[in-house]
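K.L.:
Questions regarding the structure given below will be posed in turn.
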Amino acid sequence: MTNAVRLEEPVSLPHAEETAKPRGPSTVATYNPYLAARREWDERYGDLVTRARNWRLMALISALSTIVAVGGVIRLSTRTHIVPFVVAMDSLGRTVAAGPAEEATAADDRLKRATIFTWVEDLRTVTTDGIAQRKAIDRVYAHIASGAQSQAFISEFYRAAPPQKRASTETVSVEVRSVLPTSERTFEVEWNETTRDLYGAVKAQDHWKAAFTIAVNPPQDERMARINPLGIYVTNASWGKIL
């Protein structure tokens, strides 16, 4: 019986270097010195740059806020803070009304009525004081529109009965009873006139009624601001005696 010898092929063992090689995708990142240096720069100086930019922004905002605040303080310091308080009293010294004065514009209806009230008194009053009479006439013409119907009408009234001539024999006192607006520019005025001789005796008492039309033109120079500060001018005038 013959013994058969079975020869086996030699088995080759893997090399150590081949065993150490990873079989999957590489997980170890390649070291880049440039990227590392940039990362170090960002970490060390980037925060400082950001802080400096933020501080510059805050400084700019603070400067602007200071400028606005200072401007506001200067603005407030140039404006008056005094509010007049008006107290109205009757002939017995009793308080009739009280309250802070309200600011009004030239277009305020109350200012228009007050201007016409004073204008009628200056227009119709006759006094023996020549200086006061001259000033009253000047105030009348200061509130008449140049070239308007009222200018010719008032001039004709003064020529027909000059106040200075009438003052040599009589005086006239005027009491305005009402100034009522009939439209935005037209007013109806009623007043009483008392005529006295030079000794004070009453010669006549008459009741008058008139219609005036006005225009508002604020003054543009100092001279007009002195004689007519509100810029209220009478453009048309007519009146008659009520029997």
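K.L.:
Within a Cβ distance under 11 Å of Glu184, other residues only, what is the Lys/Arg minus Asp/Glu net charge?
P.N.:
Net of charged neighbours comes to +1.
K.L.:
Just how many % of Cα pairs in region 109-242 lie over 23 Å apart, if you round to the nearest whole percent?
P.N.:
That fraction is 32 percent.
K.L.:
Okay, moving on. I need the GluC sites (Glu not before Pro) found in region 181-214, filtered to DSSP loop residues with at most 12 other beta carbons within 10 Å of theirs.
P.N.:
Glu184
K.L.:
Something else: With +1 on each Lys and Arg Cβ and -1 on each Asp and Glu Cβ, how big is the dipole of region 174-243 about its Cα centre, in debye rounded to the nearest 20?
P.N.:
Here region 174-243 has a charge dipole of around 100 debye.
K.L.:
Hey, another quick one. Where both partners of a DSSP beta bridge lie in region 109-242, what percent of those bridges are antiparallel, to the nearest 5?
P.N.:
Looking only at bridges with both residues in region 109-242, the antiparallel portion is about 95 percent.
K.L.:
Can you compute 3J(HN,Hα) from phi for each residue in region 128-138, using the Karplus curve 6.51 cos²θ - 1.76 cosθ + 1.60 with θ = phi - 60°, rounded to whole Hz and x for Gly and Pro?
P.N.:
Once θ is set to phi - 60°, the couplings for region 128-138 become 7, 7, x, 5, 5, 5, 5, 5, 5, 5, 4 Hz.
K.L.:
Note the count of lysine pairs whose C-alpha atoms are less than 18 angstrom apart in region 109-242, limited to pairs 8 or more residues apart or on different chains.
P.N.:
5
K.L.:
In µm²/s, what is D for region 109-186 at 4 °C and 1.567 mPa s, where D = kT/(6 pi eta Rh) by Stokes-Einstein and Rh is the Kirkwood radius from Cα pairs?
P.N.:
Translational D for this selection: 96 µm²/s.
K.L.:
What dipole magnitude, in Debye to the nearest 20, does region 109-242 give about its Cα centre under +1 on Lys/Arg Cβ and -1 on Asp/Glu Cβ?
P.N.:
Dipole size: approximately 100 debye.
K.L.:
Put +1 on the Cβ of each Lys and Arg and -1 on the Cβ of each Asp and Glu in region 147-238; which of Val179, Ser168, Asn228 then has its Cα farthest toward the positive end of the dipole?
P.N.:
Sorting the options by dipole projection puts first Ser168.
K.L.:
Sequence gap at least 6, Cα distance under 8 Å: using those rules, report the relative contact order of region 109-242 to the nearest whole percent.
P.N.:
It rounds to 24 percent for region 109-242.
None of the figures in this text is laboratory data; all of them are computed from the coordinates on show. This structure is a prediction, so every number in the text was calculated from the model and none was measured. All Cβ positions, even for glycine, are placed from backbone atoms using ideal geometry, and neighbour counts span all protein chains on display.
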